[in-house]
Amino acid sequence: MRYGIIGAGAIGGYYGAKLAHAGQEVHFLLRSDYEYVRQHGLQVDSCDGSFHLTDLNVYLHTEDMPPCDVVLVCLKSVNNGKLQSLLPSLLHDHTLVVLIQNGIGVEEDVQKMFPKVQLAAGLAFICSAKTQPGVVSHQCYGSINLANYSCRDETQMQAVVDEFRQAGIETGLVEYHEARWKKAVWNMPFNGMTVALHTQTDLLLKNKATRQLIREQMMEVVNTAQHLGVENLDVTFIDKMIDMTDAMTPYSPSMRLDYDFHRPMEIYYLYTRPLEIAREAGCPMPKLEMLEAELRFLESCAGAGRQ
């Protein structure tokens, strides 16, 4: 299949590079490092084995890219308004658009923009960063789950899973709501807490007080998900996420990097939207509501400082 990558940063750069390295036809939309990658290629420094790619299909504008069978959208969700101009030229009647983005509600809103487009969620479990042109630093993990939102052909979903696996990417097919809320169990505590306390994941868990707070925040997400009827999500998943993070390389999640590099934070889909859903369902998340308020304050201060 032919793949298009919108947002070739830490996540899109990694998965797109893995697919290209395995021989798939991949087309990358780049911005700031377009000229560098065009001339020098893309380097992936990975805990699973580093590699370098040259002669890539790279573009500054989606109008110059061919229609694709699968489009991986790896933009930060704060930029989703741009999809109305970025996506159309990449689509054909059977294109599957996979939103590898954080938060709750992204597929619903993108579907409103493109009512006939097939959508799936991509839930990446990976520690990866791109802090210099043309270099993706993959620190640990790297699996991804795909969840069907509006794809009309399950065999198409399975074909994508198979090609990801052939590229050496651990990939599974999961139920949509379960997948999104499971990802929120990790994302909602760790993204915001690393920003609010200006720290990394390891230190949050090494401190007894913040370790307990992280667990309580995770429990708020689990309780809400269960209240909404999400299956296969209980306290054992919290234990799994904490154990996984204990074993992880000290890590700054995407929201922490966005804050450090003075970029807008993904507060809406990571916090505001799921908190609204929780309140409407009669199962509020007070500790995470407090964290959202702190993030709104920090972003307003950062925004004032940039003016």
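The C-beta contact set for segment 222-240 (first residue closer than 14 Å to Arg180 by Cβ, second residue of a type in the set (Asp, Glu) and open to solvent by less than 90 Å² (accessible area, probe 1.4 Å), distance under 7 angstrom, 6+ apart or interchain) comprises Val222/Asp234; Val230/Glu178; Glu231/Glu178; Asn232/Glu178; Leu233/Glu178. Can you confirm whether segment 88-101 contains a residue that is out of contact with any strand residue (DSSP E or B) (no Cβ under 6 Å at 6 or more places or on another chain) and buried (at least 22 other Cβ atoms within 10 Å of the Cβ)? Yes, some residue in segment 88-101 is out of contact with any strand residue (DSSP E or B) (no Cβ under 6 Å at 6 or more places or on another chain) and buried (at least 22 other Cβ atoms within 10 Å of the Cβ). Here Val174 meets the list (1) more than 24 Å from Val221 (Cβ to Cβ); (2) open to solvent by 20 Å² or more (accessible area, probe 1.4 Å); (3) of a type in the set (Val, Ile, Thr) almost entirely, failing just condition (1).
Take His227 and tell me if it is open to solvent by 20 Å² or more (accessible area, probe 1.4 Å) and out of contact with any helix residue (DSSP H, G or I) (no Cβ under 7 Å at 6 or more places or on another chain). The answer is yes for His227.
Every test in (1) over 14 Å from the mean Cα position of the chain (by Cα); (2) in a strand (DSSP E or B) is passed by His94 save one, and that test is (2). Picking from residues in segment 191-212 that are out of contact with any Ser or Thr (no Cβ under 9 Å at 6 or more places or on another chain) and touching a residue at least 60 places away in the same chain (Cβ under 8 Å), the one that is most open to solvent (accessible area, probe 1.4 Å) is Ala196.
Scanning segment 221-255 for residues that are modelled with pLDDT under 95 and under 16 Å from Leu295 (Cβ atoms), we see that the one that is farthest from the chain's Cα centre (by Cα) is Ser252. Of all the residues in segment 125-141, those that are open to solvent by less than 10 Å² (accessible area, probe 1.4 Å) and either of a type in the set (D, E, K, R) or closer than 20 Å to Gly172 by Cβ (or both) number 3.
Condition check ((1) in contact with a helix residue (DSSP H, G or I) (Cβ under 8 Å, 6 or more places away or on another chain); (2) of a type in the set (A, V, I, L, M, F, W, C); (3) surrounded by 18 or more Cβ atoms within 10 Å (Cβ to Cβ); (4) farther than 28 Å from Ser300 by Cβ) across all residues:
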position	(1), (2), (3), (4)
Glu154	no, no, no, yes
Gln166	no, no, no, yes
Val185	yes, yes, yes, no
Pro189	yes, no, yes, no
Ile214	yes, yes, yes, no
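Listed residues Met290, Met285; which is over 21 Å from the mean Cα position of the chain (by Cα), open to solvent by less than 10 Å² (accessible area, probe 1.4 Å) and farther than 25 Å from Ser128 by Cα?
Met285
Of everything listed in (1) buried (at least 18 other Cβ atoms within 10 Å of the Cβ); (2) at positive phi, the single unmet condition for Gly105 is (1).
The values are calculated or read from the model by the stated rules, or taken from the named source; none is laboratory data. Everything numeric here is computed off the predicted structure, so don't read it as measured data. Cβ sites come from the backbone with ideal geometry, for glycine too, and all protein chains shown count toward neighbours. Protein only, heavy atoms only, side chains kept; ligands, DNA and RNA dropped before computing areas. Shrake-Rupley method; radii C 1.70, N 1.55, O 1.52, S 1.80 Å.
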